[in-house]
Amino acid sequence: MRKRYLFSLVVGIGALTYFFQNERAKTTMKNWIQMFQMEESFPIEEAGLPETDAIENAKMVDEGSQFGVNYYNHLKERE
């Protein structure tokens, strides 16, 4: 089992050495890293306007948001 980890470590170090010695590969790696760092983690285009894209989802959110209010009002009426 240790031999497998050692072999993987040696192969990984060899691949990194190749990438850092080869200028073209280094540039490709830097561009690849920048591409993933600039990518947004969530779609901001849909934020704030759910009813235009999916009416059923907007209805579900509306009904869910009223559940807590109705529950609180019901408890207050019982007191």
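Where a number appears in this text, it was derived from the coordinates with a stated rule and is not lab data. Remember, it's a predicted structure, so these values are computed and weren't measured experimentally. Positions of Cβ are backbone-derived with ideal geometry, glycine not excepted, and every protein chain shown enters the neighbour counts.
What the table shows:
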{"read-out": "Net lengthening on full extension, Glu77/Arg2 (0.36 nm per residue, minus Cα-Cα)", "value": "20.2 nm"}
{"read-out": "Sorted by Cβ neighbour density within 10 Å, fewest at the top, the residues Met35, Met29", "value": "Met35, Met29"}
{"read-out": "Listed residue (Tyr18, Trp32, Ser8) projecting farthest to the positive dipole end of region 1-40, Cβ model", "value": "Ser8"}
{"read-out": "Pairwise label distance in nanometres, Ile33 with Ala15, each label 7 Å out on the Cα-Cβ vector", "value": "1.6 nm"}
